[in-house]
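Q: The structure follows.
The values are calculated or read from the model by the stated rules, or taken from the named source; none is laboratory data. Quick caveat, the model's predicted, so the values are computed rather than measured. These area figures cover heavy atoms from the full protein model, side chains too; ligands, DNA and RNA do not enter into them. Shrake-Rupley method; radii C 1.70, N 1.55, O 1.52, S 1.80 Å.
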Amino acid sequence: MLCGGCCERGWQIVLQQKNNALLASRAQSNEEKKYQYKLLQAVVGQKRLDQLQKAVTEKVRQATNAGISELLHMFKLYDRDGTGYITADKFMHTIRKLGIYLSSTEAAALFGRYDADQEEDVTFYEFLDNFLEKTEEDEQ
């Protein structure tokens, strides 16, 4: 080390600044996505979204008996490409396979309810959280 480590420290600072900028832009994009979901939900309306969500939940529970292993199996069926998450397109395809027909706007608005982290996908844990039978204790 000819410079006594100052160059290495300089690179660490530059990398940290780039990482901070990336995190800030990601947070901004998450806020933008949350706003987009809220707009879509306002267009569709809460009552219609509640009806759709109830219908989807009932269909999924009927198909799985709300067991974790059955939900995992169903999730894997919907995650056709094995990525570990369901995108908005896969979500709409899945909902239609369940026999629930909705517009692309309704599907996008409903997807926003399931996409808890606004990453534009639903992970298995988000899927579980939405479709696993909740007890009375969970709801309090």
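Q: Using a 1.4 Å probe, how large is the accessible area of T87, given in Å² and rounded to the nearest 10?
A: The accessible area comes out at roughly 40 Å².
Q: Next up: Would you grab the residues whose amide H sits under 5 Å from the one on T87? Only those 5+ places off in sequence or on another chain, please, with H modelled 1.01 Å from N.
A: V122
Q: Shifting gears a bit: Once fully extended, how much extra length lies between L77 and Q118, figured as 0.36 nm per residue of separation less the alpha-carbon to alpha-carbon distance?
A: On the way: separation 41, 0.36 × 41 = 14.76 nm, distance 2.24 nm.
Between L77 and Q118, full extension yields an extra 12.5 nm.
Q: Determine ³J(HN,Hα), in whole Hz, for all residues of region 67-74 in sequence, where each value follows from phi through the Karplus function 6.51 cos²θ - 1.76 cosθ + 1.60 and θ = phi - 60°; x replaces Gly and Pro.
A: x, 4, 5, 5, 5, 4, 4, 5
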